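K.L.:
Pasting a structure here, questions to come.
The values are calculated or read from the model by the stated rules, or taken from the named source; none is laboratory data. Fair warning: this is a prediction, and the values are worked out from it, not measured in the lab. Note that we place each Cβ from the backbone using ideal geometry, even for glycine, and neighbour counts take in every protein chain shown. Only protein heavy atoms, including side chains, enter the accessible area calculation; ligands, DNA and RNA are left aside. Shrake-Rupley method; radii C 1.70, N 1.55, O 1.52, S 1.80 Å.
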Amino acid sequence: MTAIFGVSAITVYFFFYENRSQQLNSQLLTLVQAAAPSIETVKTRGSKSLDKDLPWHDLFSNKEQSLEWFTANGKLLAKEGTYFPTIPLAKHLTSSSHVSTPVVESQGHLRIMTIAVYTNTPDKTTLQLQGYLRVSQSNQRFEASLGQLRLGLILGGIIALMLASISSLYLTQQAVKPMRLSFQRLTRFAADASHELRNPLTRIGIATEIMLSHPEQLKPADVKKLETITLATEQMRCLIDDVLFLARTDATYPPSKQEESSINLDQLLETLVERFKPQAHVKGIDFREQFLPDLFVKGSSTPLDRLFSNLLENALKYTNPGGKIVVSMQKSRQSVVVSVEDTGIGIPSEYAPFIFQRFWRADQARSQEQDGFGLGLAIAQTIAKQHHGEITVSSQVGVGSRFQVRLPLA
Ligand SMILES: Nc1ncnc2c1ncn2[C@@H]1O[C@H](COP(=O)(O)OP(=O)(O)OP(=O)(O)O)[C@@H](O)[C@H]1O
Ligand SMILES: [Mg+2]
């Protein structure tokens, strides 16, 4: 669009420039041709005779033009007008008639046209050079109108570009609208479907729980089967919860303002660590924490709890017995950084760009037959972003991983 307008503007400008130049040249030519016969008079009777014999001032369309008469040797005979050029006379003029082809020059604001005037010799066989006539005209008006045209084109360009941008923005929005609508419908469907799946799952869970609460009425083989059903139901419930969380986050566009309050991060993490310590103990993992008191962040506690739970679950899941997990806090300017470090299996560097993707799991994680769907980090990252924060990771295979959550302080 900009290129089209630019090319059109340049074309208009040069068309106008050429047109006006030709107009000025033909004005000068008319004047100089009208003055051509006077060279004889000026040569014989002197310049004083000009006013008497020819009404020169009537020839000038305005005070911006001037005329100069020269002999065949280029000596100035007379001059009329206001502005005169200071450049030497152009004598390299060719002729095929009484008046030569004009030479157009310019000097500063002056446009200059020179012609050579010829007369027939008495025997009328050859032409004899009588002298030269030079007419000059100020270009100032022409340049002023070019300036106005330039300004007009620039202003027109700005307005046209603004209109083009507004209309393209409008058209893009119109084009994207159906896509956004269908995406919203899809995410809403995912959210609704996940929500609806929860009810039958809860009923299955309750039924198996009741049956397992009376094991004496069951055959031992059935108890095993029911336990498998309970475990699978629990896994399915976790998956549905995770999918529902992500689907709801996607469906709410623009993101809805969640209920925010000042959360004491130290307290939240203390509670969380107490919940995870028994699991670490059972697995034989050394679990340590180093917290800083009275650091507050803006947000809501349930999702923040979920964020750090997912990181701690991973640390426990991917660290072998005898390993170590350290949860610590650092204050950095206007934010707090919570680090979850482990001495676990680590993440190969080529996998680092994928770990926050939904349903992505490293081959190692799959091969170790660890439970999981590959949603924990995607959820953690979503929550961190909802709180205007971010999660970064550094890891080395066989050495361990460090996940850092940066959150702005309240
Ligand atoms: N602390 C860690 N050490 C080693 N690998 C990790 C660690 N945390 C995450 N990963 C790798 O990143 C993958 C994605 O993690 P994420 O938490 O999203 O999924 P998951 O733990 O496999 O399943 P889910 O969290 O849904 O139960 C994991 O499968 C694992 O390969
Ligand atoms: Mg996980």
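K.L.:
Which one is nearest to ligand 1 (Cβ to nearest atom) among residues in the stretch 369-396 that are over 29 Å from the mean Cα position of the chain (by Cα) and free of Cβ contacts under 8 Å to residues at least 40 places away in the same chain?
P.N.:
Restricting to residues being over 29 Å from the mean Cα position of the chain (by Cα) and free of Cβ contacts under 8 Å to residues at least 40 places away in the same chain, the top hit is Gly374.
K.L.:
Which residue is surrounded by the most Cβ atoms within 10 Å (Cβ to Cβ), if the candidates are limited to the stretch 271-317 and must be in a helix (DSSP H, G or I) and aromatic (Phe, Trp, Tyr)? Give the derivation first.
P.N.:
Of the stretch 271-317, the ones in a helix (DSSP H, G or I) are 271-283, 301-317.
Of the ones still in play, those that are also aromatic (Phe, Trp, Tyr) are 276, 308.
Working: Phe276: 20, Phe308: 22.
Ranking the qualifying residues of the stretch 271-317, first place goes to Phe308.
Residue by residue, here is whether (1) within 30 Å of Val7 (Cα to Cα); (2) assigned by TED's automatic domain parsing to the domain that holds Ile39; (3) in contact with a Lys or Arg (Cβ under 7 Å, 6 or more places away or on another chain) holds:
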position: Pro102; (1), (2), (3): no, yes, no
position: Asn120; (1), (2), (3): no, yes, no
position: Gln174; (1), (2), (3): yes, no, no
position: Leu181; (1), (2), (3): no, no, no
position: Arg185; (1), (2), (3): no, no, no
position: Arg188; (1), (2), (3): no, no, no
position: His195; (1), (2), (3): no, no, no
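K.L.:
For the stretch 333-366, give me each residue that is open to solvent by 40 Å² or more (accessible area, probe 1.4 Å) and either in a helix (DSSP H, G or I) or away from ligand 1 (no atom under 12 Å from the Cβ) (or both).
P.N.:
Filtering the stretch 333-366 down to residues open to solvent by 40 Å² or more (accessible area, probe 1.4 Å) leaves 333-334, 341, 343, 349-354, 356-360, 363-364, 366.
If the condition is that a residue be open to solvent by 40 Å² or more (accessible area, probe 1.4 Å) and either in a helix (DSSP H, G or I) or away from ligand 1 (no atom under 12 Å from the Cβ) (or both), then Arg333, Gln334, Ser349, Glu350, Tyr351, Ala352, Pro353, Phe354, Asp363, Gln364, Arg366 are the ones that fit.
K.L.:
Quick check on my filter: what residues within the stretch 317-335 are more than 15 Å from ligand 2 (Cβ to nearest atom) and touching a Phe, Trp or Tyr at 6+ places or on another chain (Cβ under 9 Å)?
P.N.:
Quick first cut of the stretch 317-335, residues more than 15 Å from ligand 2 (Cβ to nearest atom) only: 320-324, 326-335.
Across the stretch 317-335, the qualifying residues are Lys324, Val326, Val327, Ser328, Met329.
K.L.:
Which pairs do you get when a residue that is among the aromatic types (Phe, Trp, Tyr), found in the stretch 222-247, comes within reach of a residue that is within 16 Å of ligand 1 (Cβ to nearest atom) and open to solvent by less than 60 Å² (accessible area, probe 1.4 Å), reach meaning Cβ atoms under 7 angstrom, with the pair 6+ apart or on two chains?
P.N.:
If the second residue must be within 16 Å of ligand 1 (Cβ to nearest atom) and open to solvent by less than 60 Å² (accessible area, probe 1.4 Å), the pairs left are Phe245/Ile379.
K.L.:
Let me confirm something: among Gln370, Gln381, which residue is within 13 Å of ligand 2 (Cβ to nearest atom) and either part of a helix (DSSP H, G or I) or not assigned by TED's automatic domain parsing to the domain that holds Leu304 (or both)?
P.N.:
Values: Gln370 fails: either part of a helix (DSSP H, G or I) or not assigned by TED's automatic domain parsing to the domain that holds Leu304 (or both).
From the options Gln370, Gln381, the qualifying one is Gln381.
K.L.:
Can you give me the number of residues within the stretch 11-46 that are among the acidic types (Asp, Glu) and either within 17 Å of Gly81 (Cβ to Cβ) or free of Cβ contacts under 8 Å to residues at least 12 places away in the same chain (or both)? Steps first, answer last, please.
P.N.:
Taking the stretch 11-46 as the starting set, the residues that turn out to be among the acidic types (Asp, Glu) are 18, 40.
Restricting the remaining residues to those that are either within 17 Å of Gly81 (Cβ to Cβ) or free of Cβ contacts under 8 Å to residues at least 12 places away in the same chain (or both) gives 18.
Qualifying residue count for the region: 1.
K.L.:
Same structure, new question: Considering only residues that are without any contact (Cβ under 8 Å) to a residue 12 or more places away in the chain and either surrounded by 14 or more Cβ atoms within 10 Å (Cβ to Cβ) or among the small types (Gly, Ala, Ser) (or both), which ones fall in the stretch 190-221?
P.N.:
Answer for the stretch 190-221, where residues must be without any contact (Cβ under 8 Å) to a residue 12 or more places away in the chain and either surrounded by 14 or more Cβ atoms within 10 Å (Cβ to Cβ) or among the small types (Gly, Ala, Ser) (or both): Ala193, Ala207, Ser213, Leu218, Ala221.
K.L.:
Another question, if that's okay. Of all the residues that make up the stretch 108-123, how many are loosely packed, with under 14 Cβ neighbours inside 10 Å and either modelled with pLDDT of 85 or more or out of contact with any strand residue (DSSP E or B) (no Cβ under 8 Å at 6 or more places or on another chain) (or both)?
P.N.:
3
K.L.:
Taking Ile325, is it β-branched (Val, Ile, Thr) and near ligand 1 (Cβ under 8 Å from one of its atoms)? Outline the logic, then answer.
P.N.:
Values: β-branched (Val, Ile, Thr): yes; near ligand 1 (Cβ under 8 Å from one of its atoms): no.
No, not satisfied.
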